[in-house]
Each structure stands twice: as structure tokens, then as C-alpha cells.
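The values are calculated or read from the model by the stated rules, or taken from the named source; none is laboratory data. Keep in mind that this is a model prediction, so the values were computed, not measured. Note: ideal-geometry Cβ built from the backbone for every residue, glycine included; neighbour counts use all protein chains shown. Note: areas computed on protein heavy atoms with side chains; ligands, DNA, RNA excluded. Shrake-Rupley method; radii C 1.70, N 1.55, O 1.52, S 1.80 Å.
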Amino acid sequence: MPSFKDVFEKYDWEAIKTDIYNKKAADVERALARTNRDLEDFKALISPAADIYLEEMARQSKQDTLQRFGNTIQMYAPLYLSNECQNICTYCGFSLGNKLPRKTLNPIEIDKEVAAIKKMGFEHVLLVTGEANKMVGVPYFKKVLEQIRTQFANVSMEVQPLDEADYHELIPYGLHAVLVYQETYHQADYAKHHPKGKKSNFLYRLETPDRLGRAGVHKMGLGVLIGLEDWRVDSFFVALHLRYLEQTYWRTKYSISFPRLRPFSGGLEPKVEMTDRQLVQQITAYRLLNKDVELSLSTREAMKFRDHVFQLGITSMSAGSKTNPGGYAVAPESLEQFEISDERSPQEIAQLIKSKGYEPVWKDWDTALEYVTK
Amino acid sequence: MKNLKIANKVFNSRLILGSGKFSNPGLMSAAITASATELVTVALKRVNLGSEQDDMLEAVGSVDLLPNTSGVRTAREAVFAAEMAREALGTNWLKLEIHPDPKYLLPDPVETLMATIELAKKGFVVMPYVHADPVLCKRLEEAGAACVMPLGAPIGSNKGLKTLDFLQIIIEQSQVPVVVDAGIGAPSHAAQAMEMGADAVLVNTAIAVSGDPEKMAQAFKMAVEAGRMAYESKLGAIADQAQASSPLTSFIDA
């Protein structure tokens, strides 16, 4: 079956890197002047040469985002269901090798967490687990979806990659969107960071969006973990992947996130530091390439940065996030996946959004829009 | 200016407003008032169907509500959503939007026709959003659509009437009102649609994202009225050449 793997294999990491680093000011100016930009333009926009054009990139990005999404920012909260994980990932607090108390929420605990999240006003929830098929596999997800579906307008999931048949099975239970980050598209480095567990299978992960597309999930989220490899090259591969997916699975909606490596228990120092300025360059470059992709900003980022950057291309934000299972109401002190930077309450974030002339949108979907039969 | 009649309802205004993209409900409310519209579309996905209080519905105020199905991908989903909306919002009016393509939000003609047939049978006042396809518009009319809503350009693009030639055919052929929807980015675009004989226009992005939505809403109100008045006054024909003062055939009667 054709997949992104066929496209991916035609590209060479080092060649792309050379291309990007060789871009000149004239290439950036040409990219900025165009309206329908291609991947060559994108290379220019994420190149070091684009740095001095950041203000113009931000201006265009803001304008394009306003036109397509209006003066609105969608709000969502993550719900960590489990920190069980069968993988070793060098950068993650949930890694199998980390000695930490493992916890998977039961139905009563889930109810408590849901009530806490609802009380904060959220209607869009992102279910998160570690990658442990036996403890938190399809049967568990089905039960959770069945339990919470009527509580939220929209349910997304960020869990281990599943088979196509699994996604088919979960959609009728109310699964709307799936986020799956490749972590890095650098295959050799990917192997170094994922030495053990199912996640070590680079290609299985790479082809997950294809399985999601074939299964007909409404929305999927892409991204890399910034800090593992050269962010400029990884960004190119995300853009390449997005373009392929949009052309292949044209009924699906897409989002991109920009997780930067954050401190955690027993953590890895980022190989590559990305500055705030570079993150703005990356966000605006995605917008300049693609006017319609949703761009999401999490609480990993610092307060001051979030206050300003959300107006430059972002369409959705999390707030008040807890990254540990039971973090909202059940076990607030349990070990979190990573430290969050912006600890303000959702209401504070909503107030900030309003003060900048935007409307925080808590609900932008309804189960009434999906006729599903199990 | 003549009134607009859709199904069994008469409207003084020929401007329909979309309610997405505003920076806050207060501004939306002010724009609605300034536009003098009598019909506002609200996306089902943004409304709290189960709740009595909803900021967006409150901002719409006493103006008639037109729920839309933005987000559905099939006729079956659209019918399901329509029934939920009728129950929750107490209206059988529906802007039918079926766009399986989330990028440009282009409407699916096949699913739209199928849904219109079924919804009309179920007693809905169906206002389908479609591409500017004259044949499809006639098929929708036969299926029981209360009006047709062909696009001028992709949603939110502000590009104006890119489908002009086809809109002209649709307007010429239609026995139900033609509401030009999507792409109208400036009052002059709205006026142009009205001058052509469109029965109404629907505007959202151009107002909501403007620097002053209230003033822009008023500008659109005036443009729609001016365009309609011009249409009703019958515009003069456009000639490529000046009319000869000495007609070439005058010798025949000489």
C-alpha cells in the first residue's frame, strides 16, 4: 500500500540541510513576495537567512491567520490517563527505565478529572497516555471514550500509534482527532533516542498518519520534538509530510504543534537549543506555507512568550495543563511527564486572549455533527 | 427596495450575516445591529446545544437564527445534525453546508443534493451552500431547497465574485432566491452581486476581521441596498462601441 514512506525515502537529510543553509536573502525575499508558496520557499523561510525578515514573516503570518481563522483562539486541555509506558525514550519522564510510581486512571478517577476539567470551562479535551498496549490499549480507550464522550464537544487522543483497524474501531466511540509526533525524521538519531519498545520502529510511526487517513479520522496532528535534531531540517520534513497528507487524505484536517524539550525527571539535555526567535520563525514559516493548518501552542512555553506569540499564527492553546495522570483532582502531586512553564489558570489565559482583542473559543465542535453507529 | 421572500418569510434586509471570527460577542452584536440584517447564521459546532445560556446566541439577539452544519462531511451527518439543531434551537431553517474538504471548505455537490432531498421531505427550510454550478442549483430547486447559495470564491478568501459567469446563469435560471455566499470581501463585491440580480448576499469574514466591524457592517448594508436599487432600476446596457449617429441601415427607408 502506498504511504509517506515512499515519499520520505526520496529525500536525503544532509542534502535538505545543505539546501536550507545555503538559502540567501534573495530566496527569502522571493518566498515572502509569493502567495502560493512551495517547499523550496519554505526552506528559505526556515533558513538562517530568513532571520532578518522575521518581522515581515510575523506580519504576514498574523494577517493570514486572521483572515482564515478570525479573531479567535481555540482552548483545550490535556487529560493524562496513564503514565504506563513500555518504551525507552531518552527524553521522556514516562520512559520505562525511569523509576516512578505508575498510574492508570480508573473510571471513578476519570470522572473526577473530567469534572475538574469541565469546571475550568473546557469542551475540547486531549487524552494522553504513555505507550503501553497491554495496560492502555484499544479496549481501555473504548471504555474511556464511552465514559466521557457526552461530557465534551470534542475528544482528541495522543497515545501510541495504532493499527488502521484500531482507529476504525475507535472512531464510532467518539474519537475525533489523533496527534502523533514523529519526534524526529532523522532516522539514525530516532533509533538512538528510542532504543527499546515498539516505538523503536521508525517506519511504523512514520506511517501512522497514513493509517489515520485511511481510517477516516477527522483531524490529525503532526510535529517533532524540538531539541532532538536540527529543527530546520525536521521542520522541512513535517511540511513535506503535511503536504503529502493533504493531497492524499483531503477530507482530513491537520494541525501542527511545536513541543520544545522541557526538563523532566532524569532528563536529557537538548542536542539543539531553539531560541524564542527561532520558534517564532518556525511558527510563522508554517503559516506562510499553509494558510489553513491549525497551529497549537502548549503550556510548555513561558508566560511572556505565550502572551505575544499566540497572535502570530497560533489557532489553539492549552491552559492550566497538568501532565500527570490524576493531576487535576485525583493525585496532584504525582510525577509529571514534563514541567510546564505557564501555570496560569484557563480563566487568566482567556482574559489575556480577550485583552488582545481575540475571542477564546471553548467549543468548536459538537457530537451532533458526527452521525456514528457502533 | 422590494422585500426578500425565502420560504414563507419576508425580509426587509437582503444581507445575511455569518457569526464566526468575531473577536467578541459584543462586537458581533454591534455589527448585527449596524448591518440591519434579519438573519444570522450560527455554526452548530460553536453553540452549546444542551445549554440554555450561550454567549453567541445571546449576541444574535432577536434576529432570526440560521443554524449551519459546517463541519459535517456527509448527507447522513447533515441530516442528523439538522434534526439535533431543530430540537435544540427550535427552528426548521437550516443552512446546509457539507464540505468534506477542510482546507478550502468546498461543498460536496453529491452529498448536498442527497441531504436536501431528505431534509426537504422532513420539513426543513433548506438553504444549501454550493459551488456556482447552474445545473446543481436547478436540481436543488427541484429537490425542495428554499433558496440556493452559490459561492463567489472560496470561504474567507475575500476574493470577490470569481464565479461571475456561472452566478449570472444561476440568477437567470433560478425560480428560488439566489444568495451569493462566500468570497465577498468588500462592499463593492456585494453591490456587484446585487446589481446582477442576486436576491441576497451572505457576508462574514469581510466584516468580522475588518478594523471596525460595526462600521464595515454598515458599509455592507448600504452597498447591498445600493446594488439592489440599481438592479430594480434596470441598469443601462453596456456597449462596446459608441452608437453611430448616422445609422448604417437608414438608407432602407429613405
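Going through the cross-link list A:K43/B:K159; A:K10/A:K143; A:K103/A:K192; A:K196/B:K103; A:K99/A:K219; A:K322/B:K45, which pairs have a Cα-Cα distance over 30 Å in this structure?
On the way: A:K43/B:K159 28 Å; A:K10/A:K143 41 Å; A:K103/A:K192 27 Å; A:K196/B:K103 38 Å; A:K99/A:K219 35 Å; A:K322/B:K45 26 Å.
Distance filter (> 30 Å) returns A:K10/A:K143; A:K196/B:K103; A:K99/A:K219.
On average, how many beta carbons from a partner chain sit within 10 Å of the beta carbon of a residue in A:152-158?
Values: counts 0, 6, 1, 0, 0, 0, 0.
What the average comes to for A:152-158 is 1.
Equivalent-ellipsoid semi-axes (√(5λ), Cα gyration tensor) for region A:7-134, whole Å, largest first? Working shown, then result.
Working: eigenvalues 337, 121, 27 Å².
One finds semi-axes of 41, 25, 12 Å for region A:7-134.
Find the Rg to Rh ratio for region B:148-254, where Rh is the Kirkwood radius over alpha-carbon pairs and Rg uses the same atoms.
Numbers: Rg = 17.9 Å, Rh = 15.3 Å.
Expressed as Rg/Rh, it is 1.17.
Nearest 100 Å² is fine: how much accessible area is buried between B and A, summed over both sides, with a 1.4 Å probe? Present the calculation step by step, with values, prior to reporting the outcome.
Details: alone 12760 and 15760 Å², together 25820 Å².
Chains B and A together bury approximately 2700 Å².
Each residue of region A:312-320 in order: what ³J(HN,Hα) in whole Hz does its phi give by Karplus 6.51 cos²θ - 1.76 cosθ + 1.60, θ = phi - 60°, with x for Gly and Pro?
Result, ordered by residue: 9, x, 6, 10, 9, 9, 9, 7, x Hz.
Under the classification rounded if a/c is under 1.5, otherwise prolate if a/b is larger than b/c and oblate if not, where does region A:196-244 fall, given a ≥ b ≥ c as square roots of the Cα gyration tensor eigenvalues? Let's see the in-between values first.
On the way: a/c = 2.33, a/b = 1.24, b/c = 1.89.
Oblate, because a/c is 1.5 or more while a/b does not exceed b/c.
Can you tell me the Rg and the Dmax, both Å, for the Cα atoms in the protein assembly as shown?
26.3, 111
Probe radius 1.4 Å, ligands and nucleic acids left out: which of A:M135, A:M57, B:M84 has the largest accessible area, and how do the rest follow? Can you show the working numbers first?
Numbers: A:M135 100, A:M57 0, B:M84 70 Å².
Reading off the accessible areas and sorting them downward yields A:M135, B:M84, A:M57.
Treating each Cα of region A:223-320 as an identical point scatterer and ignoring solvent, apply the Debye formula and state log10 I(q)/I(0) at q = 0.24 Å⁻¹.
So the normalised log intensities are -1.39.
How many percent of Cα pairs in region A:88-163 exceed 22 Å?
On the way: 830 of 2850 pairs.
More than 22 Å apart: 29 percent of the Cα pairs in region A:88-163.
Could you work out the pair-distance distribution P(r) of region B:120-196 from its alpha-carbon pairs, with 10 angstrom bin width and percents rounded to whole numbers?
P(r) for region B:120-196, in whole percents per bin: 21, 51, 23, 4.
May I ask you to rank A:Y185, B:Y104 by accessible area, largest first, using a 1.4 Å probe over the protein chains only? Don't skip to the end; give the middle numbers.
Working: A:Y185 10, B:Y104 115 Å².
Per-residue accessible area, sorted high to low, gives B:Y104, A:Y185.
Helix B:187-196 sits at what angle to the longest principal axis of chain B, using alpha carbons and giving 0 to 90 degrees rounded to 10?
Rounded to the nearest ten degrees, it is 60.
Just the Cα atoms of chain B, one point each, no solvent: what log10 I(q)/I(0) does Debye give at q = 0.11, 0.14, 0.18 Å⁻¹?
The Debye formula, applied to the Cα set alone, gives -0.56, -0.88, -1.49.
Working from Cα positions, state the angle (0 to 90°, nearest 10) between the long axis of helix A:138-148 and the longest principal axis of chain A.
80
How large, in percent, is the carbon and sulfur part of the accessible surface of the protein assembly as shown at a probe radius of 1.4 Å? Write down the numbers at each step before the final one.
Numbers: 13170 of 25820 Å².
That share works out to 51 percent.
Kindly write out, for region A:103-114 in residue order, the coupling ³J(HN,Hα) from the Karplus curve 6.51 cos²θ - 1.76 cosθ + 1.60 (θ = phi - 60°), rounded to whole Hz, with x marking Gly and Pro.
So the J values, rounded to whole Hz, are 9, 10, 5, 8, x, 5, 5, 4, 4, 5, 5, 4.
For region B:57-174, compute Rg over Rh where Rg is the Cα radius of gyration and Rh is the Kirkwood radius from the inverse mean 1/r over Cα pairs. Don't jump to the answer; show the numbers that get you there.
Working: Rg = 14.0 Å, Rh = 14.5 Å.
Radius of gyration relative to Kirkwood radius: 0.97.
With every protein chain left in place and a probe of 1.4 Å, what is the accessible surface of B:I16, to the nearest 10 Å²?
10
With a cut-off of 8 Å between alpha carbons and a minimum separation of six or more residues, what is the relative contact order of chain A in percent?
Values: 691 pairs, mean separation 93.3, N = 374.
25 percent.
State, to one decimal in nm, how far the label point of A:D111 lies from the label point of A:K143, with both points 7 Å from Cα in the Cβ direction.
So the label points at A:D111 and A:K143 sit 1.4 nm apart.
In the neighborhood of B:V130, defined by Cβ-to-Cβ distances under 13 Å, what is the net charge if each Lys or Arg adds +1 and each Asp or Glu adds -1? Intermediate results must be reported in sequence, preceding the final value.
On the way: positive: B:K95, B:K138, B:R139; negative: B:E97, B:D108, B:E111, B:D133, B:E141, B:D181.
That sum, taken over residues with Cβ under 13 Å, equals -3.
Among all the aspartates and glutamates, which ones have a C-alpha under 15 Å from A:K134's C-alpha, if same-chain residues fewer than 8 places away are not counted?
Candidates past the 8-residue exclusion: A:E84, A:D163, A:D166.
Keeping every protein chain present and rolling a 1.4 Å probe, give me the accessible area per residue for the protein assembly as shown in Å². List each step's numbers first, then the result.
Values: 25820 Å² over 628 residues.
Result: 41 Å² per residue.
In nm², what is the average projected area of the convex hull enclosing the Cα atoms of chain A?
Details: hull surface 67.8 nm².
In nm², the orientation-averaged hull projection of chain A is 16.9.
Leaving out ligands, DNA and RNA but keeping every protein chain, what accessible area does A:I88 have, in Å² rounded to the nearest 10, with a 1.4 Å probe?
My reading of the accessible area for A:I88 is about 50 Å².
Could you tell me the accessible area of A:D12 in Å² (1.4 Å probe, neighbours in place), rounded to the nearest ten?
90
In Å, what Rg and Dmax follow from the Cα atoms of region B:1-137?
14.9, 42
Dividing the alpha-carbon Rg of region B:1-49 by 2.2 N^0.38 Å yields what?
Numbers: Rg = 12.5 Å, N = 49, 2.2 N^0.38 = 9.7 Å.
Computed over Cα atoms of region B:1-49, the ratio equals 1.29.
Amide H to amide H under 5 Å from A:T184: which residues, 5+ apart in sequence or cross-chain, H placed 1.01 Å off N in plane?
A:L225
What residues qualify as long-range amide H neighbours of A:Q74, i.e. H under 5 Å apart, gap of 5 or more or another chain, H built at 1.01 Å from N?
A:S316, A:M317, A:V361
Let me see the P(r) profile for region A:156-197: every Cα-Cα distance counted, bins of 5 Å, each bin given as a percent of all pairs.
6, 18, 23, 19, 13, 13, 7, 1
Would you mind counting up the charge near A:S61? Only other residues with Cβ under 10 Å from its Cβ, with Lys and Arg at +1 and Asp and Glu at -1.
On the way: positive: A:R59, A:K62, A:R287, A:K291; negative: A:E56, A:D64.
Around A:S61, the charge tally is +2.
Find the centroid of the Cα atoms in region B:105-144 and in region A:142-165, then give the distance between the two in whole Å.
One Cα centre to the other: 33 Å.
Taking H as built 1.01 Å from N, whose amide H comes closer than 5 Å to the amide H of A:N154, not counting residues under 5 places away?
Here the answer is A:V125, since their amide H atoms fall under 5 Å of that of A:N154.
Pop the C-beta distance of B:K234 and A:T248 into the FRET formula with R0 = 51 Å and round what comes out to the nearest 0.05. Could you put the intermediate results ahead of the total?
On the way: r = 51 Å, r/R0 = 1.00.
So the FRET efficiency works out to roughly 0.50.
What is the antiparallel percent of DSSP beta bridges lying wholly in the protein assembly as shown, to the nearest 5?
Numbers: 5 of 59 bridges.
About 10 percent, rounded to the nearest 5.
Output the relative contact order of region A:215-264, whole-number percent, from Cα pairs under 8 angstrom with separation of 6+ residues.
On the way: 49 pairs, mean separation 30.1, N = 50.
It rounds to 60 percent for region A:215-264.
Give me Rg/Rg_expected for region A:52-104, where Rg uses Cα atoms only and Rg_expected = 2.2 N^0.38 Å with N residues.
Numbers: Rg = 20.0 Å, N = 53, 2.2 N^0.38 = 9.9 Å.
Expressed relative to 2.2 N^0.38 Å, the Cα Rg reads 2.01.
Which three numbers, in whole Å and largest first, are the semi-axes of the equivalent ellipsoid of region A:116-221 derived from its Cα gyration tensor as √(5λ)? Intermediate values should be presented prior to the final figure.
Details: eigenvalues 132, 43, 35 Å².
Value: 26, 15, 13 Å, ordered largest first.
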